[in-house]
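The values are calculated or read from the model by the stated rules, or taken from the named source; none is laboratory data. On a predicted model such as this, the values are computed, not experimentally measured, just so you know. Because the Cβ atoms are built from the backbone with ideal geometry, glycine has one as well, and the counts that use them run over all protein chains shown. The protein model used for the area step is the full one, side chains on, heavy atoms only, and it has no ligands, DNA or RNA in it. Shrake-Rupley method; radii C 1.70, N 1.55, O 1.52, S 1.80 Å.
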Amino acid sequence: MISHIFYHLSDHDGQCSAALAYFYIKANYNTEIKMYGIDHYGNFPYDQISKNDYVYMLDISFPINEMVKIKNSCLKFIWI
């Protein structure tokens with residue numbers, strides 16, 4: 001299992017959220033962590049996640065059909 005942190009790259013609240021999530025996950029779970037700064041206009045990197053992974057979406061969202069597709073691509077989906 002890998003914990004993937006996707007955060008809004010273009011502002012400080014996204015970056016701060018990612019840092020807090022990283023340190024929380026690191027302190028409480030024995031998992032590899034990967035971080036991705038993304039924007040609303042890019043393509044979501046589905047090839048980076050698997051059905052056994054956790055996905056954290058921080059300070060960013062996509063159209064609802066895209067969010068459902070992301071949720072269905074992983075084991076656990078956390079959107080903050």
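Here are the numbers:
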| quantity | calculated |
| --- | --- |
| Residues of the range 1-42 that turn out to be hydrophobic (A, V, I, L, M, F, W, C), touching a helix residue (DSSP H, G or I) at 6+ places or on another chain (Cβ under 8 Å) and open to solvent by 40 Å² or more (accessible area, probe 1.4 Å), as a count | 2 |
| Residues within the range 52-78 that are in a helix (DSSP H, G or I) and not hydrophobic (A, V, I, L, M, F, W, C), tallied | 4 |
| Filtered residue count, the range 1-28, keeping only those that are out of contact with any Ser or Thr (no Cβ under 7 Å at 6 or more places or on another chain) and either touching a residue at least 40 places away in the same chain (Cβ under 8 Å) or closer than 14 Å to residue 78 by Cβ (or both) | 14 |
| Residue check for residue 49: open to solvent by less than 50 Å² (accessible area, probe 1.4 Å), within 15 Å of residue 8 (Cα to Cα) and aliphatic (A, V, I, L, M) | no |
| Filter pass, residue 55 being open to solvent by less than 80 Å² (accessible area, probe 1.4 Å), hydrophobic (A, V, I, L, M, F, W, C) and either over 13 Å from the mean Cα position of the chain (by Cα) or at positive phi (or both) | no |
